1. Quick one: of K101/K162; K131/K240; K179/K240; K99/K131, which pairs are farther than 23 Å apart, Cα to Cα?
2. Let me check I've understood the local charge: for N212, count other residues with C-beta under 10 angstrom from its C-beta, Lys and Arg +1, Asp and Glu -1. What total comes out?
3. Which of A225, N274, A238 sits farthest toward the positive end of the charge dipole of the stretch 222-277, with +1 on the Cβ of Lys and Arg and -1 on the Cβ of Asp and Glu?
4. Provide F248, F229 in ascending order of the number of other Cβ atoms located within 10 Å of each residue's Cβ, fewest first.
5. What ranking do D251, D111 get, fewest neighbouring Cβ atoms within 10 angstrom at the top?
6. Order by neighbour count: W167, W154, fewest other Cβ atoms within 10 Å first, most last.
7. I want the local charge near R186. Using Cβ-Cβ distances under 14 Å, sum +1 for each Lys or Arg and -1 for each Asp or Glu among the other residues.
Amino acid sequence: MNRKTALLAVFLVLATTIPLGFAQGDEGTPTAVERYQLAREKYKNNVQAYRDARSDLVLARQKVAVRRNANDTAVGLERAKIFLLRSTDAMISHLEVVKTKIEVSRALPEDEKESAIAEIQSYITWLENAKGNIEAATTRQELLDIARAVRGKWAESRVSVKQITGWMLTARLDGIIEKGEGVSTRIESRIAELNEAGKDTSKLEEMLDDYNSKIELAKEKNTAAKEKFGEIDSIEDADKLFREGHQFLKDANRYLREAYGTLKDIVREMRRLNSEG
């Protein structure tokens, strides 16, 4: 492998693997939110360092293509190592953001939360250890082999992150749906009271049926999303299955918004009946 190709290979192994954004996390206590914000800030700083190192590596590659002496080769290797280290730092800080999101989430049960945190931490630990190997590398081929290993581990972590993110989203929706079902029970009791008081509750009963059907449809879509997220097991299908699961979540949210609209109509009808004396 010639010098130019070696540097280019290291660059291409990792140049497109760093995510450049991440969604905001769940609400939590002030301390948890501060931890999340610190993790995000560290991530942004490491992504910028990764971009700077990428630019330096491109320049080094161009110089090696023109000047082929031993000193240039050594400089190129060092810049490639810096690039790989910065790439790994960005990966680690991204995973730290994910871990903090899990920690501040109120949706997941504690046992699932602990399992997810441990899984993400295992990837962070592996990548941290890989940085020592990067610094110790003495040849271009050795560095390229390490870069490939890092990319493989990063791909594994992305599969886990997709799954865990899906679990958190569906768990959060489970909580909303459960509250919606509780509202239905209270409405049913109130309708019974109005009926006993001699009110015509036929319209309310129809609206409650519509509300319940929307809640049930939301539950079905959320279940379908869980199934899609549960099928994620490789980097090849992770993005596709996550998009499909997310579409089910969007459908579920739409049904919940419609149910909320029906709920407002129910409240108005109850007030009208109450105002009749």
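1. Result: K131/K240; K179/K240 exceed 23 Å.
2. -4
3. N274
4. Ordered by Cβ neighbours within 10 Å, fewest first: F248, F229.
5. Listed from fewest to most nearby Cβ atoms, that is D111, D251.
6. Fewest to most other Cβ atoms nearby, the residues stand as W167, W154.
7. Neighbour charge sum, excluding R186 itself: -2.
All of the numbers you see were taken from the coordinates with simple rules; none came from a lab. Remember, it's a predicted structure, so these values are computed and weren't measured experimentally. In this analysis, Cβ positions are derived from the backbone assuming ideal geometry, glycine residues included, and neighbour counts consider all displayed protein chains.
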